[in-house]
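The structure appears right after this line, and notes come after that.
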Amino acid sequence: MLDNDDWWRDAVVYQVYPRSFADANGDGVGDLAGVRDKLGYLRRLGVDAIWLSPFYTSPMADGGYDVADYRDVDPLFGELADFDALIADAHALGIRMIVDLVPNHSSDRHPWFQAGLRDRYIFRDRPNDWESIFGGSAWTQVADGQWYLHLFAPEQPDLNWENPVVRAEFRDILRFWLDRGVDGFRIDVAHGMIKAAGLPDVGPKEGRQAEMLGGEQVPYFDQDGVHDIYREWRPILDSYPGGRMAVAEAWVSSAERLARYVGPDELHQAFSFEFMMADFHAKSFRTVIDKALAEAELVGAPTTWVLSNHDKPRHVTRYGSLARARAATLLMLALPGSAYLYNGEELGLPDVLDLPDELRQDPAFRRSGESRDGCRVPLPWTGSPGCGWQDPWLPIPGSWARLSAEAQEDDPGSTLSLYRAALDLRRRHPALGGGTLTWLDSPKDVLALERSPGLVVVLNTGEQPVRPEFGGRVLLSSGPLADGAIPPDTTVWLER
Ligand code: NOJ
């Protein structure tokens, strides 16, 4: 069943944020057995692969992105045997498994940091002016007066990738999980491991230094040396059968810079965050899609689309309505390349904006007042009070019973049904994920494109209904059509 080495090129990958997905043991935190219980749901949804956010041993200072043991499962989530059972069942259902790899930093509870092995981290006698992505200085002082670098929380010391021991360790970690059967890795902060020689000051800048999209280069991100690491990793991935892959989480300043992470001797994919951050408008979408496709073509790799993840407000909330979110989803799922879904978007979940401050767990909240907890609220499974959870780690709004998977299951107009129908059509029309894209002439505020001869996608971001000239049979629509016209905030897939 899993015999196509190029599976990732047009794959639909479903991101599971383990704490929030499904809780099998009733402790209020999702776990690996919970994911295993929901494999039937994911199969029915029609995804090709799961990306599991970190489930490794961790003090959870940053939701598991602070790893204390890269080769084990945190007791919150289960044990290695649960992982093995999960991957075996997923594979039996034809679902691949991608795991998160966090190489830029470890936890401060990692044995290396605990043992004071300073050459494996970045210690200096004096800090420079670098700021943490989570706010405040990127340096923390230890008892003897030295300082260590942490681009994220103080509990996440940056590893020293100039040290060959660090490099060898990560090559070994890759093999550890490849041997356990994983199909790929999502590389956390893939643009971060190499810092400019001498750690030069950034100097005065407006706003947060790390706000990179469209911004300038900073000496701790997107340094050329990072590509040597991927050129070391690629032969390891290629030495395993079955199309093992890696996708970069790289926040860099342009589509050109992003394309440098992918190719036959580096990584397979890199998320197009410019698409995720585009305004809900025909022109903005067209601009970023054109740029992303042009760059992808140069390096011979497909584009990797994403609308939501565990770090940004969900697209229902960003665009301000479920109708827009559904329309954007149908656009994304008709673009050439691979698409990543974030758990709960198939239910049309918004962010929870009124979480009490004392319950917020994102380390960024204490340092900057910004919090990603709103998009990490556990998924509502049932329509009963509690939505299938007992005392979840973040409270689930009572109103979410209506959005639960159970409530949406048999409703043909539900968002869950829309996602299922879209993924089903994507499977039956391989040209939807592959092939080429041709823009069709369309009125202002309307995006019209042709995928493979005969499949037309139209998105109306304007304020008036439009009646497209390209007739055809409606395969799928993100919302009700008004007498053949496409209302505002609606995408239609047509077959002619
Ligand atoms: C990116 C991850 O997606 C985010 O959740 C995390 O806080 C940082 N990297 C640090 O690992």
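The values are calculated or read from the model by the stated rules, or taken from the named source; none is laboratory data. Note that the structure is a prediction, hence the values are computed from the model and not measured. Note that we place each Cβ from the backbone using ideal geometry, even for glycine, and neighbour counts take in every protein chain shown. Ligands, DNA and RNA are excluded from the accessible area calculation, which covers all protein heavy atoms including side chains. Shrake-Rupley method; radii C 1.70, N 1.55, O 1.52, S 1.80 Å.
For VAL99, indicate whether it is within 16 Å of the ligand (Cβ to nearest atom) and open to solvent by less than 10 Å² (accessible area, probe 1.4 Å).
yes
Of CYS375, CYS387, which residue is under 30 Å from TRP7 (Cβ atoms) and either of a type in the set (Ser, Thr, Tyr) or surrounded by 20 or more Cβ atoms within 10 Å (Cβ to Cβ) (or both)?
CYS375
What pairs come up if the first residue lies in segment 357-376 and is over 20 Å from GLN15 (Cβ atoms), the second is aliphatic (A, V, I, L, M) and more than 12 Å from the ligand (Cβ to nearest atom), and their beta carbons are under 8 Å apart, counting only those six or more places apart or on different chains?
Every condition considered, the pairs that remain are LEU359/LEU394.
Condition first: in a loop (DSSP other than H, G, I, E, B) and either within 17 Å of the chain's Cα centre (by Cα) or acidic (Asp, Glu) (or both). Now tell me which residues in segment 313-334 satisfy that.
Correct list: PRO313, ARG314, LEU333.
Only one of PRO154, PRO200 is open to solvent by 10 Å² or more (accessible area, probe 1.4 Å), within 16 Å of the ligand (Cβ to nearest atom), part of a loop (DSSP other than H, G, I, E, B) and touching a residue at least 24 places away in the same chain (Cβ under 8 Å); which?
One residue alone meets the criteria, PRO154.
Scan segment 116-127 and tell me whether some residue there is out of contact with any strand residue (DSSP E or B) (no Cβ under 9 Å at 6 or more places or on another chain), in contact (Cβ under 8 Å) with a residue 40 or more places away in the chain and open to solvent by 10 Å² or more (accessible area, probe 1.4 Å).
Looking for residues that are out of contact with any strand residue (DSSP E or B) (no Cβ under 9 Å at 6 or more places or on another chain), in contact (Cβ under 8 Å) with a residue 40 or more places away in the chain and open to solvent by 10 Å² or more (accessible area, probe 1.4 Å), one finds at least one in segment 116-127, hence yes.
Residue by residue through segment 170-183, note down the ones that are more than 16 Å from the ligand (Cβ to nearest atom) and surrounded by 17 or more Cβ atoms within 10 Å (Cβ to Cβ).
LEU174, TRP177, LEU178, GLY181, VAL182, ASP183 - these are the residues of segment 170-183 that are more than 16 Å from the ligand (Cβ to nearest atom) and surrounded by 17 or more Cβ atoms within 10 Å (Cβ to Cβ).
Kindly provide the set of residues from segment 276-312 that are within 16 Å of the ligand (Cβ to nearest atom), outside any helix (DSSP H, G or I) and open to solvent by 20 Å² or more (accessible area, probe 1.4 Å), ordered by number.
ASP311, LYS312
Does segment 458-477 include one or more residues that are over 30 Å from GLY40 (Cβ atoms), touching a residue at least 40 places away in the same chain (Cβ under 8 Å) and in contact with a Lys or Arg (Cβ under 6 Å, 6 or more places away or on another chain)?
Within segment 458-477 (the criterion being over 30 Å from GLY40 (Cβ atoms), touching a residue at least 40 places away in the same chain (Cβ under 8 Å) and in contact with a Lys or Arg (Cβ under 6 Å, 6 or more places away or on another chain)), the answer is no, since none of the residues qualifies.
Given the condition within 16 Å of the ligand (Cβ to nearest atom), open to solvent by 10 Å² or more (accessible area, probe 1.4 Å) and acidic (Asp, Glu), answer yes or no: does some residue in segment 28-39 qualify?
no
Sort through ARG451, ARG427 and tell me the only one that's surrounded by 19 or more Cβ atoms within 10 Å (Cβ to Cβ), of a type in the set (Lys, Arg) and on the phi < 0 side of the Ramachandran plot.
ARG451
Any idea how many residues of segment 3-26 are part of a loop (DSSP other than H, G, I, E, B), touching a residue at least 60 places away in the same chain (Cβ under 8 Å) and open to solvent by 50 Å² or more (accessible area, probe 1.4 Å)?
Of the residues in segment 3-26, 4 are part of a loop (DSSP other than H, G, I, E, B), touching a residue at least 60 places away in the same chain (Cβ under 8 Å) and open to solvent by 50 Å² or more (accessible area, probe 1.4 Å).
Checking the structure you have, find out if any residue of segment 313-327 is within 16 Å of the ligand (Cβ to nearest atom) and open to solvent by less than 20 Å² (accessible area, probe 1.4 Å).
Within segment 313-327, one or more residues are within 16 Å of the ligand (Cβ to nearest atom) and open to solvent by less than 20 Å² (accessible area, probe 1.4 Å).
One line per residue, one yes/no per condition, for (1) modelled with pLDDT of 90 or more; (2) of a type in the set (Ser, Thr, Tyr); (3) farther than 24 Å from ASP10 by Cα:
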position	(1), (2), (3)
VAL446	yes, no, yes
PRO453	no, no, no
ASN460	yes, no, yes
GLU463	yes, no, yes
GLY479	yes, no, yes
GLY484	no, no, yes
PRO488	yes, no, yes
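Quick one: what pairs do we get from segment 432-452, first residue among the acidic types (Asp, Glu), second open to solvent by less than 40 Å² (accessible area, probe 1.4 Å), C-beta under 6 Å, 6+ apart or different chains?
Close Cβ pairs satisfying both conditions: ASP445/ALA282; ASP445/THR461; ASP445/GLY462; GLU450/LEU440; GLU450/VAL456.
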